[in-house]
Amino acid sequence: MYIIGLHNDEDAGVALMKDGVILEAISEERLKRIKLYKGFPKQSLSYVLNKYNLEIRDIDYFAYGWHSKKKDCYEFAKKLANRIILAINRNPNCSDIIEDRLEIECTRDKSTLAIFELEMKNLDISNNKIIYLDHHKTHAWSAFAPSPFDEAMVFTFDGRGDLKSGAVFYANKKIGIKELDYLLTFDSIGYLYGAITKYLGFTPHRHEGKVTGLAAYGDFSKTLPIFEKLINWENNTIVSNLGLYKPFFSITNNLSEQLEKFSKADIAAGLQAHCENLLVHFISYWIKKINFSGMKNICLSGGLFANVKINQAIRAINGIDNIYIFPHMGDGGLPVGSVCYLNYMLTGHSKTAFPMVYYGSEYTDEQIFNILTLYSDKIRFHRIENKVQRVVDALIKKNVVGYFDNRMEYGPRALGSRSILYHAREKTVNDWLNKRLNRTEFMPFAPVTPIEYAHDCYIGWNKTHICSYFMTTTYNCSESFKQKHKAVVHIDGTARPQIVTQDLNGVYYNIVKTYCDLTGEKALINTSFNQHEEPIVCSPDNAVESLIKDNVDVLFIGNYRVSKS
């Protein structure tokens, strides 16, 4: 049985499952070279079908993690009505905000759905093959099905989806996933973060990570009281003060006037602290309320969990044993969630293997050679032996290395298949390399560390911390690590590591381990192989063009070493 998962909103993509096994997962942005591409994933669908020699007629079902036909219409309508009554009783002037929120969300969803259905019709896909699924439950399946847990609490938070902004679920291998409660869009923490991202001069739904980095430079106590008035923990849930708070990528004039007296760093710090506090309250409440066999495993998905500092705060909650954050936590991960969800509906199988995120395109040495020859007037290249030592030699000579090998990563993090590598000793690299890549970043680069050294570097790290293999959470760093690896430690003493192992990372692990053993260091810089506002490189020609632009000093691609002429 073949199932294809499709997503055609922002960060569109495709996943392919055969008999419960995920064969492929890819985001359209990588193929179209448009960051967070929004639209029907035509190239991704063609790529997947062609790679596996499939036709549309061979696919049994198409799963779509949005626009579900609500089976609980009465309960949803009752919740919505009660929330509107509460808002208007508190602030009669907020009715316009409520009306605008509902109109914009429903209009946009209707438009996205119409595009999806038109494309499916053009592909001659019958309606009985298309399964529409709840947005947040799809996120939940992306988190639970690939996790190592047989039982867990699942939390999903984002800007919005099917009129929800967050939800909590109980998940069990035998019974699947049961929704316990949810938040409506009016109480969206994701929109709050996006609105302040825009207020600070960045692009919402794209540059929230810059705000997270900037927060470390500010004093949260100066602005925290302002954010507490907008949206807060109340009666065991998260409730916004509509009127003061506006669940859009914009803020009210009143809020703008309150914030304008503070520095950008203090605003970012107050926002970050408040969002951490809200999520900790929400999750702490539910793990105490629902006690399942004494286990406290947590699964997380949704765009808000791209925030690595929030994830660290959640991991520190008393009573939690372990957390799993789906590596492609935003809406780009919906295709995987939808195939896992539908597979459970059809077969009753709730778990799906997902050991790493190397699911994208790959190239043979012959294909790489043919592409390199097209650039022979601009580059020099030759086939190499002992690739590990050659890469390590380049790193020891302080070369900025572009590393391209095997299948491309799925998700927003470069995890050693499409990465830029450099030593982590010098703090100034955060300035000059970011400028070289046309980036404006406040966070330092992320470290990649062999598993053998992780205990010495990251306080509280444990090999069962699955999220550390995907670079989805921060850790407080040891003093010795901070002193020796200044390029990858943030001002607050934290880092966002990727821990690598032989089993999970192969040759990439061998490179990092060999480098560390030879130098006495315990990490390298690993940053994504791309310029600012570009998707991570996908194909050999993308990598060569990045080299030609001087993003890197030398490129190792497959079994070839490439430099500029």
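Couple of notes before you dig in:
- Residue that is surrounded by 20 or more Cβ atoms within 10 Å (Cβ to Cβ), touching a Ser or Thr at 6+ places or on another chain (Cβ under 9 Å) and within 20 Å of residue 306 (Cα to Cα), where the choices are 230, 214, 192: 192
- Flag for residue 427 being at pLDDT below 95 and surrounded by fewer than 24 Cβ atoms within 10 Å (Cβ to Cβ): yes
- Selection from the range 518-555 of residues that are modelled with pLDDT under 95 and not acidic (Asp, Glu): 531, 532
- Applying the criterion of at least 1 residues that are closer than 23 Å to residue 10 by Cβ and out of contact with any strand residue (DSSP E or B) (no Cβ under 6 Å at 6 or more places or on another chain) to the helices (runs of 4 or more DSSP H) found wholly in the range 195-286 leaves 208-215.
- Meets criteria (among the aromatic types (Phe, Trp, Tyr), over 29 Å from the mean Cα position of the chain (by Cα) and at pLDDT 95 or above) for residue 404: no
- Residues in the range 475-532 that are basic (Lys, Arg) and more than 20 Å from the chain's Cα centre (by Cα) were compared, and the one that is farthest from residue 411 (Cα to Cα) is 484.
- Exclusive hit being more than 29 Å from residue 44 (Cα to Cα), touching a helix residue (DSSP H, G or I) at 6+ places or on another chain (Cβ under 9 Å), in contact (Cβ under 8 Å) with a residue 40 or more places away in the chain and surrounded by fewer than 17 Cβ atoms within 10 Å (Cβ to Cβ), set 440, 494, 474: 440
The rows are residues; the columns are (1) surrounded by fewer than 17 Cβ atoms within 10 Å (Cβ to Cβ); (2) more than 27 Å from residue 13 (Cβ to Cβ); (3) under 30 Å from the mean Cα position of the chain (by Cα).
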| site | (1), (2), (3) |
| --- | --- |
| 74 | yes, yes, no |
| 93 | yes, yes, no |
| 96 | yes, yes, no |
| 104 | yes, no, yes |
| 107 | yes, no, yes |
| 127 | yes, no, no |
| 143 | no, no, yes |
| 147 | no, no, yes |
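This table checks each residue for (1) among the hydrophobic types (A, V, I, L, M, F, W, C); (2) free of Cβ contacts under 8 Å to residues at least 60 places away in the same chain; (3) surrounded by 23 or more Cβ atoms within 10 Å (Cβ to Cβ); (4) not in a loop (DSSP other than H, G, I, E, B).
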| residue | (1), (2), (3), (4) |
| --- | --- |
| 521 | no, no, no, no |
| 525 | yes, no, yes, yes |
| 532 | no, no, no, no |
| 537 | yes, no, yes, no |
| 544 | yes, no, yes, yes |
| 551 | no, no, no, no |
| 555 | yes, no, yes, yes |
| 563 | no, no, no, yes |
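- Of the criteria (1) outside any helix (DSSP H, G or I); (2) within 29 Å of residue 506 (Cβ to Cβ), which one residue 318 fails: (2)
- Of the strands (runs of 3 or more DSSP E) contained entirely in the range 1-78, not one carries at least 3 residues that are over 28 Å from residue 347 (Cα atoms).
- In the range 195-214, the residues that are at negative phi and not assigned by TED's automatic domain parsing to the domain that holds residue 490 reach residues that are assigned to a loop (DSSP other than H, G, I, E, B) and of a type in the set (Ser, Thr, Tyr) with C-beta atoms within less than 8 angstrom, at least six apart or across chains, in these pairs: 197/203; 210/440.
- Residue match in the range 325-346 (condition: crowded, with 24+ Cβ neighbours inside 10 Å, aromatic (Phe, Trp, Tyr) and not in a helix (DSSP H, G or I)): yes
- Being surrounded by 13 or more Cβ atoms within 10 Å (Cβ to Cβ), more than 25 Å from the chain's Cα centre (by Cα) and among the aliphatic types (A, V, I, L, M) holds for only one residue in 4, 26, 88, and it is 88.
- Within the range 344-397, considering residues that are over 30 Å from the mean Cα position of the chain (by Cα) and aromatic (Phe, Trp, Tyr), the one farthest from residue 564 (Cα to Cα): 369
- Qualifying residue in the range 508-516 (condition: surrounded by fewer than 16 Cβ atoms within 10 Å (Cβ to Cβ) and either touching a Ser or Thr at 6+ places or on another chain (Cβ under 7 Å) or in the same structural domain as residue 452 (by TED's automatic domain parsing) (or both)): no
The values are calculated or read from the model by the stated rules, or taken from the named source; none is laboratory data. A quick note: this is a predicted structure, and the numbers were derived from the prediction, not measured. We place every Cβ from the backbone using ideal geometry, glycine too, and count neighbours over all the protein chains shown.
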